[in-house]
Amino acid sequence: EHAGVGGGVGGGDGDPARPRGGARRLGTLKRERVTVRRDRVLADADVLMRHHARHKSVLEVLFTDEEGFGGAVTKEFYNKVADALQLRSENTVTMMWVPDEDGDEGPTHLWQTRGLFPHPLPPGSPESELARRRFRFLGRLVGKALLDGHILPLPLNPAFIRVAILRETLTEEDLPAVYDDRCAGGAVARWLRGAVRDVRRHRECERRVFKIGSSGDCADDTDDASGALRMGLGDEEEAVDAAAVDTHLERLSYLSYACPVSRVPLTAEIFEGGDADDENDSPATRAARRLARHVDAGEHEVHVGNVEQYLADVVRYWFADGVAAQVEGFREGLSEIFPVDALRAFGAEEITELVCGKDAIEWTREELRRSVLPGFQYTAQSPPYLWLLDVLVDAPDHERRGFLEFVAVCPRLPPGGLAALPRGPIRVNRMDPVDKLPEGRTCSQELRLPAYGSKEELARKLRLALQWRNHLGIQ
């Protein structure tokens, strides 16, 4: 049903729409009330957005058999839908997001430290079409939330906003921003970038050695591979450990020419269709044809000769061809609410905050006490441990985020807060001597904290450690 709100006092000139002063009122704001089932909120939300997307009235949501209504209930609706879109079970049925390292057996919710990014899928496949429809729903949902002034607390990766709204092209340099070590395929991506870097440096070394040798300046010991590489570089800091390079390159034989996440062959002809692109083809169709026409369709293994091309193909599949349908669907859904380009005045981080809200790190002292536990040579009454809790309670958001990254490699909290950290509570262990900075051990989710003499000293040195956490060789 529709209910008019607002109003005004007529000006007494026979026109009830014209208030005193001569200004014309543009009309009442319409509100449309709808009912959804709490236990079927995602399915009902999909139907609702399909029918309501082109309506200009404000959406008010009620839950079946519940008395509450108004803005607070509508806010809860968006919260519930965002929660459902992060369910691990839901992501198994409709592959929306890149999976995390926990696979199918992890916690209830999918959790990525950098935020959610579309799962790459073979263009033209049934899975891709299913994901396109789900992302079209997401586009409508995002647009409606923005238009009505609501937040959709879905932790989207700003890289997705860059691709879907700002139309930017992601590159190899963007891999760590999406595929970190907690992400499925992240460790392989990091290792692969290292292997390609070694190949490039090895090639540059050989080029320099050849140049020196051809000029007659090369010493006899250039027969020794390691010595030749060092001489070619002329700078010991840049010298390549030939043995390490050989080990890196030898491990390439373990890789097949396929997506490291889904094992989809990057050389398979996964799209049936004509060879020529048509100007009326959608981006997803063109992506499928491009992938199907890969020139190395006969290759099945990764080796030194094709590792750079393999990395380029992985990046293209993860950031372009494999997500083209999802991006297209999202833009289609969003454009039903308002023009997508209306958001291009903002940056990716700004749009993410507008849509998803500020990803603030919130905790209380009691939550910290339950999830940051005293360990080696500390007790619950040890002054340094109690001072640490005080400092963390009073810390601003950027320092809270830095602390989590320092000890747990997670700049954001998973659904459920501190208590839901995948590897359990954070341990605070004593470290000597007291003139050292605190150390973060991410592999064991541990803070090694010297027994400082005052809370002020602890706060100062912890902030210093967080400030320089990327340069201290954190373990």
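A short reminder: the numbers here are calculations on the coordinates, not readings from a lab. Computed from a predicted structure; not experimentally measured. Glycine gets a Cβ as well: all are built from the backbone with ideal geometry, and neighbour counts include every protein chain shown.
Here are some notes:
- Antiparallel DSSP beta bridges within the stretch 365-467, percent to nearest 5: 25 percent
- ³J(HN,Hα) computed for each position of the stretch 47-61 - Karplus, 6.51 cos²θ - 1.76 cosθ + 1.60, integer Hz, glycine/proline x: 4, 4, 5, 4, 8, 9, 3, 8, 7, 9, 6, 6, 8, 10, 10
- A full extension of the chain between residue 359 and residue 167 corresponds to an added length of 66.8 nm, given 0.36 nm per residue minus the alpha carbon distance.
- Of the peptides 76-84, 34-42, the ranking by mean beta-carbon count within 10 Å, highest at the top, reads 76-84, 34-42.
- Equivalent ellipsoid of the stretch 341-410: semi-axes from √(5λ) of the C-alpha gyration tensor, largest first, are 35, 11, 9 Å.
- Using equal-weight Cα scatterers in the Debye expression, the normalised intensity of the stretch 365-467 in log10 at q = 0.10, 0.14 Å⁻¹ is -0.23, -0.46.
- FRET efficiency estimate (nearest 0.05) - Cβ-Cβ, residue 79 to residue 398, R0 25 angstrom: 0.50
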